[in-house]
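Quick note: the coordinates plus some simple rules give every number you see, no bench work behind them. It should be emphasised that the depicted structure is a prediction, and the values quoted were computed from it without experimental measurement. Using ideal geometry, Cβ is built from the backbone for each residue, glycine included, and neighbour counts are taken over all protein chains shown.
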Amino acid sequence: MENTKECGCCKKTTERSDGEKKKLLNRLSRIEGQVRGIKGMVEKDAYCADILIQSAAVNAAINSFNKDLLARHINSCVVRDIKEGKDDVVDELVNLILNLMK
């Protein structure tokens, strides 16, 4: 279960289980590896279309990561805040979705 707490540098944080954190970090590490691969392709003057295909794959991986994290956020943080009467979380969620759709 995710908990929100105050910290010195920002308004909210989310505590995650070790398993959840590991899963998210592993996905980000794979994405990071894909980006390094694209960088290597540029350094080796790879064909533009080949680089674009790999770039699209990174885009899809980021979108998948975002969808998973958004679902977790809604099912934990948003639900919790609504139950606690913090209805402003709905506006925050709408703005978040609008930013993700840019």
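Just to verify a result, which residue in segment 48-90, among those that are more than 25 Å from GLU32 (Cβ to Cβ) and either in contact with a Pro (Cβ under 9 Å, 6 or more places away or on another chain) or small (Gly, Ala, Ser) (or both), is surrounded by the fewest Cβ atoms within 10 Å (Cβ to Cβ)? That would be GLY85.
Here is a check on your reading of the model: is ASP45 at positive phi, surrounded by fewer than 13 Cβ atoms within 10 Å (Cβ to Cβ) and without any contact (Cβ under 8 Å) to a residue 12 or more places away in the chain? Full working, then the answer.
On the way: at positive phi: yes; surrounded by fewer than 13 Cβ atoms within 10 Å (Cβ to Cβ): yes; without any contact (Cβ under 8 Å) to a residue 12 or more places away in the chain: yes.
In short, yes.
Applying a threshold of 9 Å to beta carbon distances and a minimum spacing of six or more residues, or different chains, the list of pairs starting in segment 90-102 at a residue that is part of a helix (DSSP H, G or I) and ending at one that is acidic (Asp, Glu) and surrounded by 10 or more Cβ atoms within 10 Å (Cβ to Cβ) reads VAL90/ASP81; GLU92/ASP81. Taken over segment 73-91, the criterion of being farther than 23 Å from LYS21 by Cα and acidic (Asp, Glu) is satisfied by GLU84, ASP87, ASP88, ASP91. Within segment 67-88, is even one residue in contact with a strand residue (DSSP E or B) (Cβ under 7 Å, 6 or more places away or on another chain) and of a type in the set (A, V, I, L, M, F, W, C)? Yes: one or more hits. Apart from one condition, ALA60 fits all of (1) under 17 Å from the mean Cα position of the chain (by Cα); (2) more than 22 Å from LEU98 (Cα to Cα); the exception is (2). Residue count for segment 24-42 under the criterion of being under 24 Å from ILE97 (Cα atoms) and either touching a helix residue (DSSP H, G or I) at 6+ places or on another chain (Cβ under 6 Å) or surrounded by 14 or more Cβ atoms within 10 Å (Cβ to Cβ) (or both): the result is 3.
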